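Every number in this text was worked out from the coordinates using simple rules, so none of it is lab data. Not measured: the values here are computed from a predicted model. Reconstructed Cβ throughout: ideal geometry from the backbone, glycine too, with neighbour counts over all protein chains shown.
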Amino acid sequence: MDCLFCKIVRGEIPSKKIYEDEHTYAFEDIDPKAPTHVLIVPKKHIVGLKEASPEDAEIIGRCHLTAAHIGKQRGIENGYRTVLNVGPDSGQSVFHMHVHLLGGRKLTWPPG
Ligand code: 5GP
Ligand code: ZN
């Protein structure tokens with residue numbers, strides 16, 4: 001499929017891989033907004049959260065558990081954030097669902 005993150009999952013576009021299992025793939029964001037800025041994607045192509053169906057519930061959960069695993073591995077459990085941008089007004093620019101894992105610095109609330 002002609003999708004940037006599908007190509008990254010397949011290794012057709014290089015990425016700095018952090019973690020991979022049967023269902024999820026995690027890699028460094030190319031334009032990091034925090035000392036840790038990792039993207040976690042389902043290997044299955046899902047456009048975004050609002051396009052997800054009930055059968056995607058498990059994989060959406062798995063992406064978050066992968067984020068928690070990486071947060072622990074990175075030693076940033078004092079405070080990190082998982083973010084799903086949904087739709088153009090949120091800044092979603094890649095239409096293959098992904099969880100941002102941001103941490104390693106003090107995070108402000110609310111996000112912009
Ligand atoms: P969104 O704005 O859709 O929530 O997030 C897309 C993210 O993907 C952005 O943070 C952007 O920096 C990142 N990104 C876009 N293209 C690439 C790429 O080719 N490689 C990597 N590693 N990250 C990318
Ligand atoms: Zn895709």
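Kindly indicate whether any position in the range 56-74 is part of a loop (DSSP other than H, G, I, E, B), of a type outside the set (A, V, I, L, M, F, W, C) and farther than 22 Å from GLU20 by Cβ.
no
Considering the range 1-19 alone, what residues qualify as being within 10 Å of ligand 2 (Cβ to nearest atom) and not in a loop (DSSP other than H, G, I, E, B)?
LEU4, PHE5, CYS6, LYS7, ILE8, VAL9, ARG10, listed by residue number.
So which of LYS16, LYS33 is touching an Asp or Glu at 6+ places or on another chain (Cβ under 7 Å) and exposed (fewer than 13 other Cβ atoms within 10 Å of the Cβ)?
Step by step, each of LYS16, LYS33 is checked, and only LYS16 is touching an Asp or Glu at 6+ places or on another chain (Cβ under 7 Å) and exposed (fewer than 13 other Cβ atoms within 10 Å of the Cβ).
Are any residues in the range 98-112 within 9 Å of ligand 1 (Cβ to nearest atom) and part of a loop (DSSP other than H, G, I, E, B), and if so, which ones?
Within the range 98-112, just HIS98 meets the criteria.
Based on what the data block shows, is GLU22 assigned to a loop (DSSP other than H, G, I, E, B), exposed (fewer than 15 other Cβ atoms within 10 Å of the Cβ), free of Cβ contacts under 8 Å to residues at least 60 places away in the same chain and touching a strand residue (DSSP E or B) at 6+ places or on another chain (Cβ under 9 Å)? Outline the logic, then answer.
Details: assigned to a loop (DSSP other than H, G, I, E, B): yes; exposed (fewer than 15 other Cβ atoms within 10 Å of the Cβ): yes; free of Cβ contacts under 8 Å to residues at least 60 places away in the same chain: yes; touching a strand residue (DSSP E or B) at 6+ places or on another chain (Cβ under 9 Å): no.
Spelling it out, it is not the case that GLU22 is assigned to a loop (DSSP other than H, G, I, E, B), exposed (fewer than 15 other Cβ atoms within 10 Å of the Cβ), free of Cβ contacts under 8 Å to residues at least 60 places away in the same chain and touching a strand residue (DSSP E or B) at 6+ places or on another chain (Cβ under 9 Å).
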